[in-house]
Amino acid sequence: MAQISLRIEDDVKKMAEQACADIGMSLSTAINIYLKKLGREKRIPFEVAVDPFYSQENMTRLKESVAQMEATGGTVHEVDFDD
C-alpha cells in the first residue's frame, strides 16, 4: 500500500469528513474512490467549473449593492434583474 501526504485547509477537511460520515464512509475511502475513478476513466470524475458567483463582475455588483445599503442604512436596496 502506498501512502499519500497532502496539505489541506482545516475547514475543508472537516466539511469533507462530515460529508463522508453522512454518507457512511471515511475520508480515506472517499479519496480512494476518487483516485480509482480518476485512474480508470483518465479524467476528473466530476465537472470542474468556475463558480460565476465569484466573477469580477458579480463581486463589483455586490460591493456596489453593499455600499448602497450602507449609505441608506439598509432601508433602500435597488435590485436590477435585467442583466
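Taking the numbered list (1) modelled with pLDDT of 90 or more; (2) part of a helix (DSSP H, G or I); (3) among the charged types (D, E, K, R) in turn, Glu70 passes all entries but (1). Considering only segment 1-27, how many residues are surrounded by fewer than 10 Cβ atoms within 10 Å (Cβ to Cβ) and part of a helix (DSSP H, G or I)? Total meeting the criteria: 4.
The values are calculated or read from the model by the stated rules, or taken from the named source; none is laboratory data. Note that the structure is a prediction, hence the values are computed from the model and not measured. Here Cβ is always computed from backbone atoms with ideal geometry, including for glycine, and neighbour counts include all displayed protein chains.
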